[in-house]
Amino acid sequence: MRLFKYIVLSTSMFALGACDFLEKEPYNLTPETYFNNEAELNKILTGVYSPLMQEQFYGENYPSYLVGGDDLSFYQRSTPKVAVCCATASSSTPEIMMFWRILYEGINRANTLLKNADNVPDVTSENLIRIKAEGYFLRAFYYFHLVQCWGDVPLVLEPTEDVENLAIPRTDKQIVYNQIIKDIEENAIPYLPTAAEISTPERISQTAAQGILARIYLFRAGEHYRDGKAAGQEVSTYFSKAAYWAKKVKESGLHDLVKPYSQVFIDLASDKYNSTGIRESMWEIAEAGNRINDVEYSAGKIGSVYGFGCGTDFSANEDYKSKKGMENPGYSNKSFFASLKLYNMYYSDEPNNIDRERGDWNIAPYEYLMANGKVAGREYYYPLKPSGLNEVDGMPCTQKTESQSSNKVRCIAKYRREYETILPKSKYYTPINFPVLRYSDVLLMLAEAENEVNGGPNDLARECINEVRERANLNPLPETLTDQAEFREAIKKERAMELCFEALRRWDLIRWGDFYNTMQGMGIYVNDAAWGSNYKYASAYYDVTPSYVYFPIPAWEISTNGQMEQNTGW
């Protein structure tokens with residue numbers, strides 16, 4: 001099929017311009033340099049990581065156009081993009097095709113490494129075991145995304161080395177799940193380094209793999225919902241496994257929550273790694289530089305497409321090339337806004353327990369004031385200006401009136417370009433890393449799994465969710481909340497407030513069996529006056545069909561692979 005023909009050509013050169021995210025230096029491999037020594041083997045491993053940071057994956061498309069369409073956000077353009085996020089996707093959608101292709105490219109790179117690693121001379125056994133463990137994990141991670149998006153997919157465990165006989169049928173997703181779990185449980189976790197033994201969370205650690213495995217088990221536990229089947233006995237096993245692996249992370253003692261909440265994301269933007277010394281960020285995708293300098297070329301577009309900045313581009317202005325912070329907060333086209341539903345979770349649902357800690361960070365609490373073509377300060381929405389804050393970087397902070405702040409749908413602000421330190425700032429390309437797994441996610445997964453396993457919340461489940469709430473300065477859940485269904489709803493809300501805009505919400509809704517009804521129910525928020533009259537078009541973006549629990553198989557894959565069948569409804 002065409003996909004694997006593309007991979008054959010790509011892998012024969014093995015040169016997508018990946019970067020070593022530890023050294024931030026580019027490299028280019030040719031067939032003559034394959035697998036000759038340990039240094040080159042490590043570069044091959046970096047090539048297996050490389051698809052993660054590309055624009056087709058975490059560098060832009062995946063968090064935004066592919067899975068950004070959920071109940072917590074919307075695409076902030078009245079003319080819809082032909083994409084999943086606007087409920088306008090088709091089998092010809094370019095982002096879907098590119099995502100399918102880059103996932104299989106990552107798999108083929110992992111397969112190539114795993115087949116050849118044992119033949120590399122002069123590699124210490126310890127390093128060889130570690131490199132292969134990372135290869136197994138990454139192959140499993142790519143396959144998990146394929147299963148989440150498409151369900152049954154071709155399962156390929158050997159490198160594709162020729163272009164003949166490549167019409168491969170789809171493999172039942174449960175068989176793919178078994179391979180994913182085997183790769184992580186048996187071939188990766190026992191041999192990966194601990195979080196204390198790696199220099200940055202850009203490389204997978206043992207506890208990060210355990211946390212991702214808990215995520216996989218939770219999603220597998222909810223697969224029956226999107227297939228319209230009753231829950232089988234295996235579902236309780238999957239919840240038990242999720243609890244087991246999440247508990248392993250907690251018991252390691254290697255991770256904790258950073259205070260304040262915003263510090264996690266300031267670190268992601270400013271090229272720092274858990275700067276407080278507390279390892280909350282367990283795995284993040286490396287994005288380096290700005291694609292202006294030759295060395296710093298592997299940046300993504302999270303800050304400009306899915307982040308918060310200024311509407312004015314200073315990148316071509318010589319006077320601004322050495323400026324950062326408020327003077328040059330970076331350009332953002334503000335393509336995605338937070339929904340009124342999320343706003344209410346923070347500020348309205350519990351009037352006596354308002355979540356300013358996370359709400360003021362995840363949803364823009366201010367806009368940049370402009371004067372004479374320059375940034376002149378911040379103008380906060382009422383009543384969000386912090387008490388006593390009158391200036392930042394020597395520029396005034398003012399506040400809109402209550403009537404000027406009646407529109408509650410505002411730009412996503414989790415990824416803020418103001419905190420970038422790589423200069424000069426590019427218009428579109430940003431060095432902001434993307435968080436794949438944080439410790440708060442593990443705590444909430446553990447709380448959820450314990451609630452499901454025990455028929456209601458036990459002490460451990462309460463401890464985990466309340467630890468996340470305490471960091472947000474919220475009251476603990478009441479001791480009287482003992483009902484399993486009520487605690488489940490509390491978990492769902494907490495995950496929304498804590499993990500919004502981290503490419504998780506869509507999959508949470510699907511595994512809970514809530515996706516279609518939740519999206520169809522967004523009309524009550526869009527029709528509210530607080531949504532703002534300029535954004536009513538968003539109602540169409542929530543009008544998904546039941547088929548949206550899967551992506552369509554790319555049309556070109558169907559046309560070139562005679563054994564490939566399309567997903568139902570596409």
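Exactly which GluC sites (Glu not before Pro) in region 400-480 are in a DSSP loop and have at most 14 other Cβ atoms within 10 Å? Intermediate values should be presented prior to the final figure.
Working: sites: GLU402, GLU418, GLU420, GLU448, GLU450, GLU452, GLU463, GLU467, GLU470, GLU479; in loops: GLU402, GLU420, GLU479.
In loop regions of region 400-480 (DSSP not H, G, I, E or B), the sparsely surrounded GluC sites (Glu not before Pro) are GLU402, GLU479.
What share of the DSSP beta bridges in the chain is antiparallel, in percent to the nearest 5?
On the way: 21 of 26 bridges.
In the chain, approximately 80 percent of DSSP beta bridges are antiparallel ones.
Between beta-carbons, use under 14 Å as the cut-off and find the net charge around ILE278, counting Lys and Arg +1, Asp and Glu -1. Can you show the working numbers first?
Details: positive: LYS259, LYS272, ARG279, ARG438, ARG471; negative: ASP256, ASP267, GLU280, GLU467.
With Lys, Arg at +1 and Asp, Glu at -1, the neighbours total +1.
With +1 on each Lys and Arg Cβ and -1 on each Asp and Glu Cβ, how big is the dipole of region 202-294 about its Cα centre, in debye rounded to the nearest 20? Walk me through the numbers before you get to the answer.
Working: 13 positive and 12 negative charges, 80 e Å.
Rounded to the nearest 20 debye, it is 380 debye.
Carbon-plus-sulfur fraction of the accessible area of region 38-136, 1.4 Å probe, in percent? Could you put the intermediate results ahead of the total?
Values: 1270 of 2820 Å².
Of all accessible area on region 38-136, carbon and sulfur atoms account for 45 percent.
For LEU446, LEU389, LEU477, give the ranking by accessible area with the largest first, probe 1.4 Å.
Working: LEU446 0, LEU389 45, LEU477 25 Å².
Sorted descending by solvent-accessible area, the residues read LEU389, LEU477, LEU446.
Which lysines have a Cα lying under 16 Å from the Cα of LYS341, excluding residues fewer than 8 positions away in the same chain?
Correct list for LYS341: LYS408, LYS492, LYS493, LYS536.
Could you work out the local net charge near ILE432, counting Lys and Arg as +1, Asp and Glu as -1, over the other residues with Cβ closer than 12 Å to its Cβ? Could you put the intermediate results ahead of the total?
Numbers: positive: LYS272, LYS301, LYS414, ARG416, ARG417, LYS425; negative: GLU60, ASP267, ASP271, GLU284, GLU287, GLU418, GLU420.
Residues near ILE432 contribute -1 overall.
With N residues in region 201-327, what two-decimal value do you get for its Cα radius of gyration over 2.2 N^0.38 Å?
Numbers: Rg = 20.2 Å, N = 127, 2.2 N^0.38 = 13.9 Å.
Ratio of Cα Rg to 2.2 N^0.38 Å: 1.46.
When the distances between all Cα atoms of region 143-245 are binned every 10 Å from zero, what whole-number percent does each bin get?
For region 143-245, the binned pair fractions read 13, 38, 31, 15, 2 percent.
Hey, which of these cross-link pairs are over 29 Å Cα-Cα: LYS43/LYS182; LYS173/LYS427; LYS132/LYS173; LYS272/LYS385; LYS132/LYS414?
Working: LYS43/LYS182 25 Å; LYS173/LYS427 41 Å; LYS132/LYS173 24 Å; LYS272/LYS385 27 Å; LYS132/LYS414 34 Å.
Flagged as over cut-off: LYS173/LYS427; LYS132/LYS414.
Once ligands and nucleic acids are excluded and a 1.4 Å probe is used, how much of THR79 is accessible, expressed in Å² to the nearest 10?
So the heavy atoms of THR79 present about 100 Å² to solvent.
Counting only DSSP beta bridges with both residues in region 271-406, tell me the antiparallel percent, nearest 5. Working shown, then result.
On the way: 8 of 12 bridges.
Here the antiparallel bridges make up roughly 65 percent for region 271-406.
Any idea which of MET370, SER281, VAL305 is furthest toward the positive side of the dipole for the chain, if Lys and Arg beta-carbons carry +1 and Asp and Glu beta-carbons -1?
Of the candidates, MET370 comes out farthest on the positive side.
Efficiency by 1/(1 + (r/R0)^6): what FRET value for ASN372 and TRP570, r their Cβ-Cβ distance, R0 = 56 Å, to the nearest 0.05?
On the way: r = 52 Å, r/R0 = 0.92.
So, using R0 = 56 Å, E works out to roughly 0.60.
Report, to one decimal in Å, the Kirkwood hydrodynamic radius for region 447-561 based on all distinct Cα pairs. Provide the component values of the computation, followed by the final result.
Details: mean 1/r = 0.0593 Å⁻¹.
After inverting the mean inverse Cα-Cα distance, the result is 16.9 Å.
DSSP loop (so not H, G, I, E, B), at most 12 other Cβ within 10 Å: list which GluC sites (Glu not before Pro) in region 488-570 pass both filters.
Within region 488-570, the qualifying GluC sites (Glu not before Pro) (loop, at most 12 other Cβ atoms within 10 Å) are GLU565.
Which FRET efficiency value, to the nearest 0.05, do you get for TRP556 and GLU40 by plugging their Cβ-Cβ distance into 1/(1 + (r/R0)^6) with R0 = 30 Å? Please list the in-between numbers first.
Details: r = 34 Å, r/R0 = 1.12.
Working from the Cβ atoms, E equals 0.35.
Rounded to whole Å and ordered largest first, report the semi-axes of the equivalent ellipsoid of region 428-476 derived from its Cα gyration tensor (root of 5λ).
Numbers: eigenvalues 160, 40, 8 Å².
Over the Cα atoms of region 428-476, the semi-axes work out to 28, 14, 6 Å.
At a Förster radius of 60 Å, what calculated FRET efficiency corresponds to the Cβ-Cβ distance of ILE354 and ASP122, to the nearest 0.05? Please report the intermediate quantities before stating the final value.
Values: r = 60 Å, r/R0 = 1.00.
Result of the calculation: an efficiency of 0.50.
Principal axes first, then extents: for the Cα atoms of region 123-181, list largest minus smallest coordinate on each axis, whole Å, largest first.
Taking max minus min along each principal axis of the Cα atoms, region 123-181 gives 39, 28, 15 Å.
How large is the translational diffusion coefficient of region 503-570 in µm² per second when you combine the Kirkwood radius over alpha carbon pairs with Stokes-Einstein at 25 °C and 0.890 mPa s? Kindly include the intermediate steps, with their values, before the conclusion.
On the way: Rh = 14.2 Å.
Estimated via Stokes-Einstein, D reaches 173 µm²/s.
Over the C-alpha atoms of the chain, what are the Rg and the largest Cα-to-Cα span, Dmax, in Å?
In order Rg, Dmax, the Cα atoms of the chain give 23.2, 71 Å.
Leaving ligands, DNA and RNA out of it, rank LYS182, LYS259, LYS301, LYS321 by accessible area with a 1.4 Å probe, largest first. Display every interim value, and only then the final one.
Details: LYS182 95, LYS259 120, LYS301 40, LYS321 75 Å².
So the residues, ranked largest to smallest area, are LYS259, LYS182, LYS321, LYS301.
Working with all protein chains in place, sort LEU443, LEU155 by solvent-accessible area computed with a 1.4 Å probe, largest first.
Details: LEU443 0, LEU155 40 Å².
Heavy-atom accessible area, descending, gives LEU155, LEU443.
So between THR421 and ASN458, what do we pick up on full extension, going 0.36 nm a residue minus the alpha carbon distance? Kindly include the intermediate steps, with their values, before the conclusion.
Details: separation 37, 0.36 × 37 = 13.32 nm, distance 4.43 nm.
Going from the current span to full extension adds 8.9 nm.
Filter the GluC sites (Glu not before Pro) in region 167-233 to those in DSSP coil with at most 13 other Cβ atoms within 10 Å of their Cβ, and list the result. Each step should come with its number before you reach the end.
Working: sites: GLU185, GLU186, GLU197, GLU202, GLU223; in loops: GLU186, GLU202.
Here the GluC sites (Glu not before Pro) that fit, given the DSSP loop and packing criteria, are GLU186.
Where in the chain are the DSSP H helices whose alpha-carbon span along the long axis reaches 20 Å or more and whose Kyte-Doolittle mean is at least 0.0?
Numbers: long enough: 94-116 (33 Å, -0.09); 125-150 (37 Å, 0.12); 206-221 (23 Å, 0.51); 234-252 (27 Å, -0.66); 439-453 (21 Å, 0.38); 484-499 (22 Å, -0.99).
Helices meeting the span and hydropathy rule in the chain are 125-150, 206-221, 439-453.
Give me the 1.4 Å probe accessible area per residue for the chain, excluding ligands and nucleic acids, in Å². The partial results should precede the final answer.
On the way: 21030 Å² over 570 residues.
That works out to 37 Å² for each residue.
What value, in deg cm²/dmol to 500, does the helix sum -39500 (n - 2.57) over DSSP H runs of n ≥ 4 give at 222 nm once divided by the residues of the chain?
-12000 deg cm²/dmol
Mind putting a number on the dipole of the chain about its Cα centre? Charges go on the C-beta only, +1 for Lys and Arg and -1 for Asp and Glu, and I need it in Debye to the nearest 20. Intermediate results must be reported in sequence, preceding the final value.
Details: 59 positive and 76 negative charges, 247 e Å.
So the dipole magnitude of the chain works out to roughly 1180 debye.
Send over the Kirkwood Rh of region 84-158, from the inverse of the averaged 1/r over different Cα pairs, rounded to one decimal Å.
On the way: mean 1/r = 0.0713 Å⁻¹.
Result for region 84-158, one decimal place: 14.0 Å.
Calculate what fraction, in whole %, of the accessible area of region 380-456 sits on carbon and sulfur atoms when a 1.4 Å probe is rolled over the protein chains.
Working: 1210 of 2600 Å².
Accessible surface attributable to carbon and sulfur in region 380-456 totals 46 percent.
Treat each spin label as a single point 7 Å out from the Cα along the C-beta direction, and report the GLU479 to ASN407 distance in nm.
4.8
For region 41-119, count all C-alpha to C-alpha pairs, find those more than 14 Å apart, and express that count as a whole percent of the total. Intermediate results must be reported in sequence, preceding the final value.
Numbers: 2020 of 3081 pairs.
Considering region 41-119, 66 percent of its Cα-Cα pairs are separated by more than 14 Å.
Once you list every other residue whose beta carbon is under 11 Å from the beta carbon of ASP71, what net charge do they have if Lys and Arg are +1 and Asp and Glu are -1?
Numbers: positive: LYS341, LYS492, ARG505, ARG506; negative: ASP70, ASP508, ASP514.
That works out to +1.
Going toward the positive end of the dipole of the chain, with +1 on Lys and Arg Cβ and -1 on Asp and Glu Cβ, which of PRO201, TYR347, LEU113 do you reach last?
Of the listed residues, the answer is TYR347.
The values are calculated or read from the model by the stated rules, or taken from the named source; none is laboratory data. Quick caveat: nothing in here was measured; it's all calculated off a predicted structure. A quick note on method: Cβ atoms are made from the backbone with ideal geometry, for glycine too, and the neighbour counts reach across all protein chains shown. Calculation scope for accessible area: heavy atoms of the full protein, side chains included, ligands and nucleic acids excluded. Shrake-Rupley method; radii C 1.70, N 1.55, O 1.52, S 1.80 Å.
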